[in-house]
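Asker: The structure that follows is given in the form of structure tokens.
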Amino acid sequence: MRLDRFLAETTDLTRSLAKKALHRGEVSVNGEMTKQSALHVEPTDRVEWDGRPLSLVGLRYVMLHKPTEVECSARRGLYPRAVDLIDLPKAERLQTVGRLDVDTTGLVLLTDDGQWSHRVTSPRRRCAKVYRATLAEPLEGEAMEAARTRFAEGILLEGEDKPTLPAELIMNSPYDAELTLYEGRYHQVRRMFAALGNRVVALHRESIGTLSLGSLGEGEWRELSTAEIEAFN
């Protein structure tokens, strides 16, 4: 890797600012000051900027308990982004693994490993995602059984030409629904209940695959363990 790129990858410097730092004599490689921006840096080389040792970030895997009014977006908008809650170097490089709406809470995964993200989100993997939905209208008795059957058979959502994959519905109370999905379509939970003539007034994602929030509070995050990462391999 070129030295100027290495500096941009490991600091807040842009490539242009990295070159200026080099020209000012602020960078050393293996104890020797250098101004060569095109110098090739090996992983075993010791690079320092103003006496501070630098190292590449590597791949990160993070679990976040997303609050409301937080966006799962790379662009800055009206609300804070999920990555803004993560206190890691170069956190802006992390991408959400699937999204939650701004008014939906719960488990969000973030990573800079694109292949791992694809394994989690690919419909072929049938990775289970469990949601808790608070409904505007009660769902019980025969209507509940009919809804359970429709969700298990798949629903053709408005504007689509392919029904949803079979989903599992459990009613914890007439207003409290637990829905397990094996795909991730746009506003899927809300649209599925809308197809029943009902409305979701609050939505929370409890788990993705074997991962659940546990004791993680709203707005809190942690890095995944090796075993948790490999569970999606």
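Asker: Looking only at region 42-62, filter to residues that are β-branched (Val, Ile, Thr) and within 21 Å of the chain's Cα centre (by Cα); which one of those is surrounded by the fewest Cβ atoms within 10 Å (Cβ to Cβ)?
Answerer: 57
Asker: Report, by residue number, each residue of region 1-18 that is of a type in the set (Asp, Glu) and either in contact with a His (Cβ under 7 Å, 6 or more places away or on another chain) or open to solvent by less than 20 Å² (accessible area, probe 1.4 Å) (or both).
Answerer: 4
Asker: Please identify the pairs in which a residue from region 1-25 that is under 14 Å from residue 48 (Cα atoms) and touching a residue at least 12 places away in the same chain (Cβ under 8 Å) has its Cβ atom under 8 Å from the Cβ atom of a residue that is open to solvent by 80 Å² or more (accessible area, probe 1.4 Å) and polar (S, T, N, Q), counting only partners at least 6 apart or on another chain.
Answerer: Close Cβ pairs satisfying both conditions: 3/36; 10/55; 22/36.
Asker: On to the next question. Can you report the number of residues in region 63-95 which are open to solvent by less than 30 Å² (accessible area, probe 1.4 Å) and outside any loop (DSSP other than H, G, I, E, B)?
Answerer: Residues flagged as open to solvent by less than 30 Å² (accessible area, probe 1.4 Å) and outside any loop (DSSP other than H, G, I, E, B) within region 63-95 amount to 8.
Asker: Looking at (1) open to solvent by less than 30 Å² (accessible area, probe 1.4 Å); (2) modelled with pLDDT under 95; (3) among the charged types (D, E, K, R), find the lone condition where residue 205 falls short.
Answerer: If we test residue 205 against (1) open to solvent by less than 30 Å² (accessible area, probe 1.4 Å); (2) modelled with pLDDT under 95; (3) among the charged types (D, E, K, R), just (2) comes out false.
Asker: Only one residue in 76, 60, 46 is over 30 Å from residue 121 (Cα atoms) and basic (Lys, Arg), so which one is that?
Answerer: That would be 46, the only listed residue that is over 30 Å from residue 121 (Cα atoms) and basic (Lys, Arg).
Asker: Name every residue in region 27-41 that is out of contact with any His (no Cβ under 9 Å at 6 or more places or on another chain) and either surrounded by fewer than 17 Cβ atoms within 10 Å (Cβ to Cβ) or farther than 20 Å from residue 89 by Cβ (or both), in order of residue number.
Answerer: 28, 29, 30, 31, 32, 33, 34, 36, 38, 39, 40
Asker: Let me ask something else about it. Condition check: open to solvent by less than 60 Å² (accessible area, probe 1.4 Å) and either part of a loop (DSSP other than H, G, I, E, B) or touching a residue at least 24 places away in the same chain (Cβ under 8 Å) (or both). Does residue 133 satisfy that?
Answerer: Yes.
Residues checked against (1) touching an Asp or Glu at 6+ places or on another chain (Cβ under 9 Å); (2) more than 29 Å from residue 232 (Cα to Cα):
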| position | (1), (2) |
| --- | --- |
| 129 | yes, no |
| 133 | yes, no |
| 145 | no, yes |
| 156 | no, no |
| 167 | yes, no |
| 170 | yes, no |
| 180 | yes, no |
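The values are calculated or read from the model by the stated rules, or taken from the named source; none is laboratory data. In this text, all values refer to a predicted model and were calculated from it rather than measured experimentally. Note: ideal-geometry Cβ built from the backbone for every residue, glycine included; neighbour counts use all protein chains shown. Only protein heavy atoms, including side chains, enter the accessible area calculation; ligands, DNA and RNA are left aside. Shrake-Rupley method; radii C 1.70, N 1.55, O 1.52, S 1.80 Å.
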